[in-house]
Amino acid sequence: MEKKKSLKKFGTFGGVFTPTLLTIIGVIMYLRLGWVVGNAGLLGAWVIIIISFLITLTTALSMSSITTNIKIGAGGAYAIISQSLGLEVGGSLGIPRYVSQGMAVTMYIFGFREGWLSIFPHHPAFIIDLVVFIIIYAIAYKSADLAIRTQYFIMAIIVSSLIVIVLAAYYGSMQNSTVDSLKWGTFPGSVENNFSGSDFWIVFAVFFPAATGIMAGANMSGELKNPRKSIPVGTLWAIGLSFIIYMALAYWIARSASTEELLNDYNIMIKKSFFPPLVIAGVLGATFSSALASMVGSSRILYAMGQHRVLPGGKWLGETDKTGQPRNAMFVTGALVFFTMLLRDLNAVAPLVTMFFMITYAMLNIVVIIEQNLGLISFRPLFKVPKWIPWVGLVTSVLAMFIINPTITLVSVVVVLLVYGILLQRKLTTPFEDVRSGLFVSFAEWAAKRTSQLAHRQERAWKPNLLIPVSDPKSIKGVFSFLKNVAFPQGSIKLLGIGPENKADELANDVSDLSKAFQQSEVFSSWAVIRTENFAEGVNFANQAYRGSFIKPNIIFLNLANKDAYSKGFNDIIKEAARLQIGVLIYSQHPESGMGQRQIINIWIRNRAPNWKISWDIGNLDLSILIAYKLKRNWNAKIRLVTVVENEMQKKQALKFMTDLMDQARLPETEMAVYVDNFNELIKNAPTADLNIFGLVPNPDFEFMEKMNNETQTTCLFIRDSGLENIFA
């Protein structure tokens, strides 16, 4: 079997600097810079260039910082964002950015065609597009090495075009300008709008795409010898050199042509050069190199997403041939470019392409802002930037988007959010650890610190956080559904394994599996094991230790099925729970009826005579109602309040109490049942229900509990408040 050849790796100059520089120095420089100067004047043009490069420079600095902190894989910005914020966020930007970069290839091909037709106006437009596409695709498909060697040749042409411009200046081209072109411009507009006027931001929107393209080198991240070094160095040098070129060319053209020439002739830079054919070659070379870099870069983005299974058919897309080239991703990219070529006019989607680039820039800055502010020890970039840098990059990127086209900006954001929503549903498996865990931990720490400073009880924020002692994991299976319905969706379950030292490891595995089962049922769960043979002692020690945690247990779950083994310890647990202000829930399952049809829940209220009045403290009733309400919502059941009184006067008082209770506690669809009878007699003919909830006295009678199971023929709960719940909150 033939072995795969090792993939050729590129250095800073070939892999990053060259494609980045050639993408920035593009067709806008040759064909629109003169028009920008004609509208904005030299001073205005310089301001536009400075603002544009400020946006890209700050983003490049942010990108440089993050790339020196991670081991970046293939995919450039997609890889950076995915490794920081997860595959869902990375994919939500990577997918539209891949499509937009494929469309960018088509736009560059169209730009090449326009330059070609200025020389050979009678050549068929589609044939030109097709030939250029075939050449670009063949070079990119062959290998990235051939593409980069081709770009060396193109760079030589572009450098030659700049040299003939310098020669034009040397031989006196800078003597024909008017004084007006050197000042702030009057923004008269363009030929297309009959010079009906323009403004600074419209001209900025035309020029700004010229400054983009800083990701061309980063897209090759998977094929660089040392991406941690090459991406920052190559990108920043390319930005710095291209900035100098743009500033110098603006000065030269402002001194070499009149305002009228600058406004009326998009080819003025070609005409004013020392040798126009070489500048035309530069225009063609710039568009060709940009198309080639985008073809190679976009296929690498698709390949990286395929490796991470972000897209359907990801395994196929993430494959390479024996030379290490992502042929399958290249094939799909070639098809995308070809079909977009058939549209013949991409003016409608051109702004969308720019917006996806800008959203990527914004997200790169957000990544650095998050990393810098989390303060995690894992953020140790070799290339450090001040904290204001990513903020400037983020704010200017967002402002530039809305300045260029607010409508397309909103459409772009909606597309990204839709893709994110789709990827979120797929529950992607991240092959690397991202910063989200640190982000969530930091939020949790911040919330914990703020909450701990609050003096009053957080009754409105109450959620059931159950502590469930487990000595025999099999006993949990019978109550799993019940526990899930008590905790779901916002509560939590802490499983506490209690057993002797010789069974601790086996118990830990079983309890861990139970915790995972709860998590798979969308209930947050954690676990711990205490090595002791004293059940009550283990539970009490755990509760004492949990007092120092932020999300501490507020309910202890005890299963009466374990009574024979632990009934002596139950009273000790209940007493310690009262001292620690933890609620207690004792579960007594009827062996035959279980939970029945889960349609009606009875809450038994003790006779409160003579004080049937609603107050903020309604006694040992808050937790019972809260648990019943949780079960009602998850079962879609009804609650019935039940009490037994001694006479008709008490019945009226009890009915009023229940009515007020339902109103103030906001209990919808709650039934009431008040009986004038003896409790022991009534319980034998208790109103039909699937679950009966009783209050738990400080020293419970376990025989009475079993009797309630038999008398009601239902599963029963015996609940005692912690004193921290409030049904009225």
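Please treat every number below as a calculation from the coordinates, not as lab data. Values in this document were obtained by computation on a predicted structure and should not be read as measured data. Cβ sites come from the backbone with ideal geometry, for glycine too, and all protein chains shown count toward neighbours.
Rounded to the nearest 0.05, what FRET efficiency do K225 and K315 have when you use their Cβ-Cβ distance and R0 = 25 Å? Could you put the intermediate results ahead of the total?
Details: r = 28 Å, r/R0 = 1.10.
Once the sixth-power term is evaluated, E becomes 0.35.
Just to be sure I understand the model, the point goes 7 Å from the Cα along the line to the Cβ. What's the resulting T186 to I202 distance in nm?
Here the modelled spin labels are 1.6 nm apart.
Based on DSSP H runs of at least 4 residues, each adding -39500 (n - 2.57), what is the mean residue ellipticity at 222 nm of the chain after dividing by all its residues, to the nearest 500 deg cm²/dmol? Don't skip to the answer; put the middle values down first.
Values: 27 runs with 420 residues, N = 729.
-19000 deg cm²/dmol, from helical runs alone.
Amide H of S492 versus every other amide H placed in the peptide plane: which residues, excluding those fewer than 5 positions away on the same chain, fall under 5 Å?
It is N465, L466, by chain and number.
Once you put a point 7 Å from the Cα of D505 and another 7 Å from the Cα of K271, both along the Cβ direction, what distance in nm separates them?
Spacing of the two 7 Å Cα→Cβ label points: 8.7 nm.
Report the full-extension gain for the segment D617 to V676: residue separation times 0.36 nm, less the Cα-Cα distance, to one decimal in nm. Spell out each step's value before the answer.
On the way: separation 59, 0.36 × 59 = 21.24 nm, distance 2.53 nm.
This chain segment gains 18.7 nm when fully extended.
Can you compute log10 of I(q)/I(0) for segment 461-586 with the Debye formula, treating each Cα as one identical point scatterer, at q = 0.16 Å⁻¹?
Each listed q maps to, in turn, -0.73.
Find the percent of Cα-Cα distances in segment 37-115 that exceed 16 Å, and round it to a whole number.
Details: 2099 of 3081 pairs.
Of all Cα-Cα distances in segment 37-115, 68 percent exceed 16 Å.
Bin width 10 Å, alpha-carbon pairs only: give the P(r) of segment 520-561 as whole percents, running from 0 to the bin holding the largest distance.
For segment 520-561, the pair-distance distribution reads 21, 52, 26, 1.
Report the residues of segment 357-371 in range of a label on L417: point 7 Å along Cα→C-beta, backbone N strictly under 19 Å from it.
Output list for this probe position: 357-364, 366.
Step through the residues of segment 14-26 one at a time and calculate ³J(HN,Hα) from phi using the Karplus curve (6.51 cos²θ - 1.76 cosθ + 1.60, θ = phi - 60°), rounding each to whole Hz and writing x for Gly and Pro.
Per-residue couplings from phi come out as x, x, 10, 4, 5, x, 5, 4, 5, 6, 6, 7, x Hz.
Classify segment 589-729 as rounded, prolate or oblate, taking a ≥ b ≥ c as the square roots of the eigenvalues of its Cα gyration tensor: rounded when a/c is under 1.5, otherwise prolate if a/b is larger than b/c and oblate if not. List each step's numbers first, then the result.
Details: a/c = 1.41, a/b = 1.18, b/c = 1.19.
In terms of gyration-tensor shape, rounded.
From the backbone phi of segment 226-231, what are the Karplus-calculated ³J(HN,Hα) couplings (6.51 cos²θ - 1.76 cosθ + 1.60, θ = phi - 60°) in whole Hz, Gly and Pro given as x?
9, x, 4, 9, 5, 4
Please report the relative contact order for the chain, taking Cα pairs under 8 Å with a sequence separation of at least 6, and give it as a percent rounded to a whole number. Numbers along the way, then the final one.
On the way: 1221 pairs, mean separation 118.9, N = 729.
Worked out over the chain, it gives 16 percent.
Quick one: work out Rg over Rh on the C-alpha atoms of the chain, Rh as Kirkwood radius.
1.17
Scan around M672 for amide H atoms under 5 Å from its own, H built in the peptide plane at 1.01 Å from N, and keep only partners 5 or more places away or cross-chain.
So M672 has HN proximity to L641.
Sort R460, R606, R598 so that the residue with the fewest other Cβ atoms within 10 Å of its own Cβ comes first and the one with the most comes last. Could the numbers behind the result be given before it?
On the way: R460 7, R606 14, R598 18.
Final ranking by Cβ density, sparse to dense: R460, R606, R598.
Projected area of segment 573-637, taken from the Cα convex hull and averaged over every viewing direction, in nm²? Could the numbers behind the result be given before it?
On the way: hull surface 25.6 nm².
Over every viewing direction, the Cα hull of segment 573-637 projects on average to 6.4 nm².
Please list, in order, the residues from segment 666-690 whose amide nitrogen is less than 12 Å from a point placed 7 Å along the Cα→Cβ vector of Q597.
It comes to 688-690, nothing else.
What FRET efficiency, computed as 1/(1 + (r/R0)^6) with R0 = 41 Å and r the Cβ-Cβ distance, is obtained for R380 and S549, rounded to the nearest 0.05? Walk me through the intermediate numbers first.
On the way: r = 30 Å, r/R0 = 0.73.
My answer for the efficiency is 0.85.
Quick one: work out Rg over Rh on the C-alpha atoms of segment 597-671, Rh as Kirkwood radius. Mind showing how you got there, number by number?
Working: Rg = 12.5 Å, Rh = 12.9 Å.
My calculation puts Rg/Rh at 0.97.
Rounded to the nearest whole Å³, what is the per residue volume of the convex hull around the Cα atoms of segment 12-426?
Values: hull volume 54.4 nm³, N = 415.
So the per-residue Cα hull volume is 131 Å³.
Under the Karplus relation 6.51 cos²θ - 1.76 cosθ + 1.60, θ = phi - 60°, what is the ordered set of whole-Hz ³J(HN,Hα) values for segment 538-554, x standing for Gly and Pro?
So the Karplus estimates, Gly and Pro as x, are x, 5, 5, 4, 5, 4, 5, 5, 5, 4, x, 8, 6, 8, 8, x, 10 Hz.
Using modelled backbone amide H atoms (1.01 Å from N, in-plane), which distant-in-sequence or interchain residues come within less than 5 Å of V529's amide H?
The answer is G497.
How far apart, in nm, are the 7 Å Cα→Cβ label points at T688 and K142?
Output for this residue pair reads 8.4 nm.
Helix 125-142 sits at what angle to the longest principal axis of the chain, using alpha carbons and giving 0 to 90 degrees rounded to 10?
60 degrees
If exposed GluC sites (Glu not before Pro) are those in a DSSP loop with at most 14 other Cβ within 10 Å, what is the longest stretch of the chain that has none?
3-318
For a footprinting-style exposure proxy, rank H590, H308 by other Cβ within 10 Å, fewest first. Numbers along the way, then the final one.
On the way: H590 19, H308 25.
Taking fewest neighbouring Cβ atoms as first place, the list is H590, H308.
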